[in-house]
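Colleague: What follows is a structure written as structure tokens; I'll ask about it next.
The values are calculated or read from the model by the stated rules, or taken from the named source; none is laboratory data. This is a predicted model, so every value here is computed, not measured. Cβ placement follows ideal geometry from the backbone for every residue including glycine, while neighbour counts extend to all protein chains displayed. Remember, those area values only see protein heavy atoms, side chains included, never the ligands or the DNA or RNA. Shrake-Rupley method; radii C 1.70, N 1.55, O 1.52, S 1.80 Å.
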Amino acid sequence: MTHASLVALGVRWLSRQSSTVFYEFAAVAKENPDIIGWSSGLSTLIECKATRADFLRHSKKTVRRNPKGGMGQRRYYLCPPEIIKLEDLPKKWGLLWAEKRRIVVKQEARGHPERSLIAELRFLNSMLRRAQIRIGTRPLSEWLRGENRLEAKRGRPPNSVTEPGGTRARE
């Protein structure tokens, strides 16, 4: 299984439980997650590892040795079966195995409330700057107001998200 196929599988899995998901974006940060998503203020990070060697290299990164500097309140590794074992995991990390084009949760993440909110804000700010560049000279806030009006015409309240299970919630 390739890194790209792991990322695609992880994005699909996280999108079912998060209202916003980004993947494989490089940002000016100490950490560039493979996948990160947010839902109701909770951030979830997924690092995809296709080989054991990649996992071992990743464990040497500064943000892995100092969990307070990393992103993600919940943190997971996603890999093919047996690449990473439960006893290999850093404290509080979860483990996802990619089996037959689906994800099996081997261990739930226990949470890192001490995560770096500054790193997450910088990452999100970088994504907003990119969105601004893509919509051109029109201010981002004006574009977003237009999107809210469009959603209202479709019968959806502005700033609504679909929660897991298909229910709508306001952010």
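Colleague: If you take the residues in the range 85-100 that are more than 19 Å from the chain's Cα centre (by Cα) and within 21 Å of L6 (Cα to Cα), which one is most open to solvent (accessible area, probe 1.4 Å)?
Modeller: Result: K100.
Colleague: Scan the range 46-66 and tell me whether some residue there is of a type in the set (F, W, Y) and within 15 Å of G94 (Cα to Cα).
Modeller: Yes; the residues of the range 46-66 include at least one that is of a type in the set (F, W, Y) and within 15 Å of G94 (Cα to Cα).
Colleague: What's the number of the condition N125 fails, among (1) open to solvent by 60 Å² or more (accessible area, probe 1.4 Å); (2) modelled with pLDDT under 80; (3) under 21 Å from S40 (Cβ atoms)?
Modeller: Among (1) open to solvent by 60 Å² or more (accessible area, probe 1.4 Å); (2) modelled with pLDDT under 80; (3) under 21 Å from S40 (Cβ atoms), the lone unmet condition for N125 is (2).
Colleague: Pairs please, first residue from the range 94-121 and more than 25 Å from K68 (Cβ to Cβ), second anywhere and of a type outside the set (K, R) and in a loop (DSSP other than H, G, I, E, B), Cβ atoms under 6 Å, 6+ apart in sequence or on different chains.
Modeller: W97/P81; A98/M1; A98/P80; E99/P81
Colleague: Do we have any residue at all in the range 11-32 that's open to solvent by 40 Å² or more (accessible area, probe 1.4 Å), among the aromatic types (F, W, Y) and either under 20 Å from I84 (Cα atoms) or in contact (Cβ under 8 Å) with a residue 24 or more places away in the chain (or both)?
Modeller: Yes: one or more hits.
Colleague: A further question follows. Regarding R52, is this residue charged (D, E, K, R), surrounded by 13 or more Cβ atoms within 10 Å (Cβ to Cβ), free of Cβ contacts under 8 Å to residues at least 60 places away in the same chain and farther than 18 Å from R12 by Cα?
Modeller: Considered against the rule, which asks whether it is charged (D, E, K, R), surrounded by 13 or more Cβ atoms within 10 Å (Cβ to Cβ), free of Cβ contacts under 8 Å to residues at least 60 places away in the same chain and farther than 18 Å from R12 by Cα, R52 comes out as yes.
Colleague: Please go through the range 56-76 and pick out each residue that is surrounded by 13 or more Cβ atoms within 10 Å (Cβ to Cβ) and either in contact with a helix residue (DSSP H, G or I) (Cβ under 7 Å, 6 or more places away or on another chain) or basic (K, R) (or both).
Modeller: H58, K61, V63, R64, G69, G70, M71, R74, R75
Colleague: Take the conditions in contact with a helix residue (DSSP H, G or I) (Cβ under 9 Å, 6 or more places away or on another chain), at pLDDT 80 or above and either under 30 Å from R57 (Cα atoms) or exposed (fewer than 13 other Cβ atoms within 10 Å of the Cβ) (or both) and apply them to R138. Does it pass?
Modeller: The answer is no for R138.
Colleague: From the list E47, E31, E82, which residue is assigned to a loop (DSSP other than H, G, I, E, B) and within 17 Å of the chain's Cα centre (by Cα)?
Modeller: Sole residue among the options that is assigned to a loop (DSSP other than H, G, I, E, B) and within 17 Å of the chain's Cα centre (by Cα): E31.
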